[in-house]
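Working notes, structure below.
The values are calculated or read from the model by the stated rules, or taken from the named source; none is laboratory data. Keep in mind that this is a model prediction, so the values were computed, not measured. Note: ideal-geometry Cβ built from the backbone for every residue, glycine included; neighbour counts use all protein chains shown.
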């Protein structure tokens, strides 16, 4: 029996304790709209989301992996790799009397693209090339099959076959240190040993005086090894300037 008697009024504030309230007494109708705040909800792991499960009850969707997107199969939510077609920014490097530009920690399942703007070599008539390797980094000096060349505005050109790197640009004849160069290089799934590394590139440069030229190159790393790092450099001398941007795209 209750230890107090209500006579025309409410019980004292301190008389109704939690143990005296039946578990099923606080119904939805007893809770006013907008009264359950986020602070009153149970905590969730960072990045999880609430969804309706197979029983129609609220459930927490676990965190997806990096760069995955939320999908729906018509019944439930899930995480999946982003579809191919869009290039995702990864990182950017700026050269200033820099010996080489390096991009490391590449992952399997992605094609990579490097765009180059306003690049200049420290000396003329040198070759710009790309090498692959492992994060550390250690770059490979054998196993390449490919070549490239350049065509100057006067019609003169040069072609070279190489096995020690992937060749993408030869500067203008005699004025390379004054030449601005722009390029795009595609590298297909370098971190997947099964595909072998295939790279193609195209560039265009112009001399600050009169000479212009176009450079092309490509090839593949022909040994079945995973490559998690890329290096761009000149055959001799530094890169005096340039902006190098790395993108990637899922190749599934």
Set 192, 213: member being part of a loop (DSSP other than H, G, I, E, B) and modelled with pLDDT of 60 or more: 192
Top-ranked residue in segment 144-174 [being assigned to a loop (DSSP other than H, G, I, E, B) and buried (at least 16 other Cβ atoms within 10 Å of the Cβ); ranked as modelled with the highest pLDDT]: 165
Given (1) at pLDDT 85 or above; (2) assigned to a loop (DSSP other than H, G, I, E, B), index of the condition residue 219 fails: (2)
Residue match in segment 107-130 (condition: farther than 26 Å from residue 199 by Cα and more than 18 Å from the chain's Cα centre (by Cα)): no
Verdict on residue 77 being more than 30 Å from residue 182 (Cβ to Cβ) and touching a residue at least 24 places away in the same chain (Cβ under 8 Å): yes
The lone exception for residue 141 - which of (1) part of a strand (DSSP E or B); (2) modelled with pLDDT under 95 it fails: (1)
Residue list for segment 1-40, filter: at pLDDT 80 or above and surrounded by 10 or more Cβ atoms within 10 Å (Cβ to Cβ): 26, 31, 36
Unmet criterion (only one of (1) within 21 Å of the chain's Cα centre (by Cα); (2) free of Cβ contacts under 8 Å to residues at least 40 places away in the same chain) for residue 141: (1)
